[in-house]
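**Student:** My questions will all concern the structure given below.
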Amino acid sequence: MACFILAPLGYWLSPWLLDLVKAAPEVKAEALPFLRTMLVFSVGMLTYFMLGGALRAAGDARTPLRIGVLITVLTVIFNVILIRGFGPIPAFGTLGAALGSVMANAVAMAIGVWLLFSGQLVVRFSRGMSWRPDWAIIRSLFRFGLPTGFQVSR
């Protein structure tokens with residue numbers, strides 16, 4: 001979903017979204033590259049959300065917390081370097097904030113996927129597992145999840 005739906009839609013709809021919130025032209029000039037970068041490269045953040053939700057549902061709240069703290073620390077470090085520049089690294093301004101966030105989430109995604117395959121978590125992936133969607137489980141999740149979601153949103 002992140003690569004084939006959110007990324008292209010986010011890229012193409014970003015100007016419209018900024019028009020929707022009536023962003024001033026000066027704001028649009030800074031916000032458009034930021035918004036496009038965050039939406040196109042959102043796979044790391046979405047992976048963290050899915051991994052965190054799965055681990056919390058399985059009873060492990062500590063690992064998502066640690067990964068979230070890591071994301072925050074890395075985002076601050078990357079943003080300090082990328083927004084203003086540091087040594088040979090040029091200043092990217094607002095785009096640097098997006099790049100720092102994306103890079104921090106990419107590192108967290110890599111660590112999360114490694115942990116899933118390492119067998120150290122309550123939720124595990126194995127190299128020999130089937131990568132095909134289990135449509136019976138997906139249907140049952142939708143059968144239960146959609147009505148619950150609508151009921152809570154009222």
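The values are calculated or read from the model by the stated rules, or taken from the named source; none is laboratory data. Every value quoted in this text rests on a predicted model; they were computed, and no experiment measured them. Using ideal geometry, Cβ is built from the backbone for each residue, glycine included, and neighbour counts are taken over all protein chains shown. Heavy atoms of the whole protein, side chains included, go into the accessibility calculation; ligands, DNA and RNA do not. Shrake-Rupley method; radii C 1.70, N 1.55, O 1.52, S 1.80 Å.
**Student:** Restricted to segment 123-150, and to residues that are more than 29 Å from Arg62 (Cβ to Cβ) and among the aromatic types (Phe, Trp, Tyr), which residue is modelled with the highest pLDDT?
**Tutor:** Only one residue fits best here, namely Trp135.
**Student:** Being part of a helix (DSSP H, G or I), among the aliphatic types (A, V, I, L, M) and touching a Gly at 6+ places or on another chain (Cβ under 6 Å) is the filter here; which residues of segment 84-107 pass it?
**Tutor:** Going residue by residue through segment 84-107, those that are part of a helix (DSSP H, G or I) are 84, 94-107.
Subsequent filtering for residues that are among the aliphatic types (A, V, I, L, M) retains 95, 97-99, 102-104, 106-107.
Answer for segment 84-107, where residues must be part of a helix (DSSP H, G or I), among the aliphatic types (A, V, I, L, M) and touching a Gly at 6+ places or on another chain (Cβ under 6 Å): just Ala106.
**Student:** Only residues that are open to solvent by less than 40 Å² (accessible area, probe 1.4 Å) and part of a helix (DSSP H, G or I): list them for segment 108-133, please.
**Tutor:** The answer is Ala108, Gly112, Leu115, Leu116.
**Student:** Looking for something free of Cβ contacts under 8 Å to residues at least 60 places away in the same chain, among the hydrophobic types (A, V, I, L, M, F, W, C), touching a strand residue (DSSP E or B) at 6+ places or on another chain (Cβ under 7 Å) and farther than 30 Å from Val122 by Cα - is there at least one such residue anywhere in segment 64-81?
**Tutor:** Going residue by residue through segment 64-81, those that are free of Cβ contacts under 8 Å to residues at least 60 places away in the same chain are 64-81.
From the residues that got through so far, the ones that are among the hydrophobic types (A, V, I, L, M, F, W, C) too are 65, 67, 69-71, 73-74, 76-78, 80-81.
Those left that are additionally touching a strand residue (DSSP E or B) at 6+ places or on another chain (Cβ under 7 Å): 81.
Within this subset, residues satisfying the condition of being farther than 30 Å from Val122 by Cα are 81.
Looking through segment 64-81, at least one residue is free of Cβ contacts under 8 Å to residues at least 60 places away in the same chain, among the hydrophobic types (A, V, I, L, M, F, W, C), touching a strand residue (DSSP E or B) at 6+ places or on another chain (Cβ under 7 Å) and farther than 30 Å from Val122 by Cα.
**Student:** If you don't mind, another one. Within segment 60-80, is there a residue that is in a helix (DSSP H, G or I), within 13 Å of the chain's Cα centre (by Cα), within 23 Å of Met103 (Cβ to Cβ) and small (Gly, Ala, Ser)?
**Tutor:** Yes, there is a match, as at least one residue in segment 60-80 is in a helix (DSSP H, G or I), within 13 Å of the chain's Cα centre (by Cα), within 23 Å of Met103 (Cβ to Cβ) and small (Gly, Ala, Ser).
**Student:** Let me ask something else. Among the residues that make up segment 44-62, is at least one of them modelled with pLDDT of 95 or more and in contact with a Phe, Trp or Tyr (Cβ under 6 Å, 6 or more places away or on another chain)?
**Tutor:** No, segment 44-62 contains no residue that is modelled with pLDDT of 95 or more and in contact with a Phe, Trp or Tyr (Cβ under 6 Å, 6 or more places away or on another chain).
**Student:** Can you tell me how many residues in segment 9-44 are open to solvent by less than 90 Å² (accessible area, probe 1.4 Å) and either free of Cβ contacts under 8 Å to residues at least 12 places away in the same chain or assigned to a loop (DSSP other than H, G, I, E, B) (or both)?
**Tutor:** Count: 7.
**Student:** Mind listing whichever residues of segment 37-69 are out of contact with any helix residue (DSSP H, G or I) (no Cβ under 6 Å at 6 or more places or on another chain) and either closer than 14 Å to Asn105 by Cβ or β-branched (Val, Ile, Thr) (or both)?
**Tutor:** Phe49, Met50, Gly68, Val69
**Student:** Within segment 67-107, count every residue that is within 17 Å of Arg56 (Cα to Cα) and open to solvent by 60 Å² or more (accessible area, probe 1.4 Å).
**Tutor:** Qualifying residue count, segment 67-107: 1.
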